[in-house]
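Since the structure comes first, as structure tokens, the remarks are kept for the end.
The values are calculated or read from the model by the stated rules, or taken from the named source; none is laboratory data. Treat the numbers as computed from the prediction; the structure is a model and nothing was measured. Cβ: placed from backbone, ideal geometry, glycine included. Neighbour counts: every protein chain shown. Ligands, DNA and RNA are stripped out before the accessible areas are found, and what is left, the full protein with its side chains, is counted by its heavy atoms. Shrake-Rupley method; radii C 1.70, N 1.55, O 1.52, S 1.80 Å.
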Amino acid sequence: MRRVISLSELRSARLSLTGTVGLVPTMGYLHEGHLSLVRRAREECDHVAVSIFINPTQFGPKEDLAKYPRDLERDMKLIEPYTDLLWTPTAEIMYPEGYQTWVDVETMTRPLEGSMRPGHFRGVTTVVAKLFNGVQPDRAYFGQKDAQQATVIRRMVGDLNFPIEIVVCPIMREPDGLAMSSRNVYLDPQQRQAATVLSRSLREAKQAYDNGERDAGVLRQIMKDVLATEPLADVQYVSCADYETLKELANVERKALLSMAVLIGKTRLIDNLILG
């Protein structure tokens with residue numbers, strides 16, 4: 001595995017990779033969810049590139065950029081068996097003095113995470129576009145846990161004619177159902193137990209859907225009712241939306257996305273499930 005930092009190092013290293021290249025963009029502090037993406041890329045591509053960059057422009061003023069967990073040495077050991085190229089740019093490389101160009105996917109970034117985190121997706125789409133331009137992969141791998149992010153990036157790739165296939169991989173979960181996340185380390189034991197209410201609420205709604213329920217309002221209420229049983233859960237939103245457009249549905253007649261954001265203590269968790 002070759003690690004590069006500067007753009008000139010990256011371009012030189014990229015020229016040495018012949019055949020297909022799969023990119024796994026990350027912010028580091030890797031867990032099994034990230035590794036599942038890296039292994040998928042290893043199976044499907046001739047070469048695997050991973051980026052580790054904690055992107056400051058996707059964090060709001062009250063969010064946890066300074067506290068975001070970091071352990072580069074550990075991350076490198078985890079990905080080394082599967083990875084040919086690791087890019088770890090600095091903020092100064094990605095956003096040099098005078099930087100003023102942004103990528104903004106408009107409508108589908110406004111609801112859900114966009115409504116709670118203004119400016120978040122502008123930071124995400126801009127940095128992903130820069131990662132794509134730097135690495136020039138044939139495929140890029142993202143996790144379903146960040147469902148809105150994956151939808152927005154698919155839209156950006158289509159709108160801007162990036163010659164890249166976006167591969168969205170299933171959520172990896174702990175044995176008790178909690179979606180794997182770098183932020184789970186913030187949970188104390190009581191909060192960690194409480195956090196399982198997110199996946200339980202999704203399972204209850206999915207069971208109702210499997211039993212024939214198609215009223216999106218009913219499915220949302222099922223999730224809200226389960227979440228309300230957990231005193232430590234502070235619900236930010238619950239959604240049943242069209243999978244492609246992220247517009248809230250009245251009835252589920254095609255592929256749909258159940259999703260939510262919940263505060264457990266001070267830790268903000270998201271989870272989702274696809275219907276149909």
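Among residues of the stretch 79-106 that are closer than 14 Å to Pro56 by Cα, those with a Cβ under 8 angstrom from a residue that is of a type in the set (Lys, Arg) and part of a helix (DSSP H, G or I), sequence gap 6+ or separate chain, pair up as Met94/Lys130; Trp102/Arg122.
Apart from one condition, Glu63 fits all of (1) over 18 Å from Arg268 (Cα atoms); (2) part of a loop (DSSP other than H, G, I, E, B); the exception is (1). Yes or no: the stretch 155-172 includes at least one residue that is touching a Leu at 6+ places or on another chain (Cβ under 7 Å) and either open to solvent by 10 Å² or more (accessible area, probe 1.4 Å) or closer than 20 Å to Ile52 by Cα (or both). Looking through the stretch 155-172, at least one residue is touching a Leu at 6+ places or on another chain (Cβ under 7 Å) and either open to solvent by 10 Å² or more (accessible area, probe 1.4 Å) or closer than 20 Å to Ile52 by Cα (or both). Scan the stretch 219-276 for residues that are among the small types (Gly, Ala, Ser), closer than 22 Å to Gln191 by Cβ and over 18 Å from the mean Cα position of the chain (by Cα) and the total you get is 3.
Which count do you get for residues in the stretch 21-57 that are surrounded by 15 or more Cβ atoms within 10 Å (Cβ to Cβ), of a type outside the set (Phe, Trp, Tyr) and not in a helix (DSSP H, G or I)? Residues meeting the conditions: 19. Scanning the stretch 249-262 for residues that are surrounded by 14 or more Cβ atoms within 10 Å (Cβ to Cβ) and either farther than 12 Å from Leu219 by Cβ or out of contact with any helix residue (DSSP H, G or I) (no Cβ under 7 Å at 6 or more places or on another chain) (or both) gives Ala256, Ala261, Val262.
Given (1) under 28 Å from Val262 (Cβ atoms); (2) touching a strand residue (DSSP E or B) at 6+ places or on another chain (Cβ under 7 Å); (3) part of a loop (DSSP other than H, G, I, E, B); (4) of a type in the set (Phe, Trp, Tyr), identify the lone condition not met by Tyr68. Of the numbered conditions (1) under 28 Å from Val262 (Cβ atoms); (2) touching a strand residue (DSSP E or B) at 6+ places or on another chain (Cβ under 7 Å); (3) part of a loop (DSSP other than H, G, I, E, B); (4) of a type in the set (Phe, Trp, Tyr), the odd one out for Tyr68 is (2). Among all positions in the stretch 155-173, there is no residue which is touching a residue at least 60 places away in the same chain (Cβ under 8 Å), out of contact with any Lys or Arg (no Cβ under 7 Å at 6 or more places or on another chain), closer than 21 Å to Asp104 by Cα and of a type outside the set (A, V, I, L, M). Report yes if Gln148 is assigned to a helix (DSSP H, G or I), among the polar types (S, T, N, Q) and under 12 Å from the mean Cα position of the chain (by Cα), otherwise no. For Gln148, the condition - assigned to a helix (DSSP H, G or I), among the polar types (S, T, N, Q) and under 12 Å from the mean Cα position of the chain (by Cα) - is met. The residues listed here are Gly134, Gly177, Gly119; of these, the one that is touching a residue at least 12 places away in the same chain (Cβ under 8 Å), of a type in the set (Gly, Ala, Ser) and more than 25 Å from Cys240 (Cα to Cα) is Gly134.
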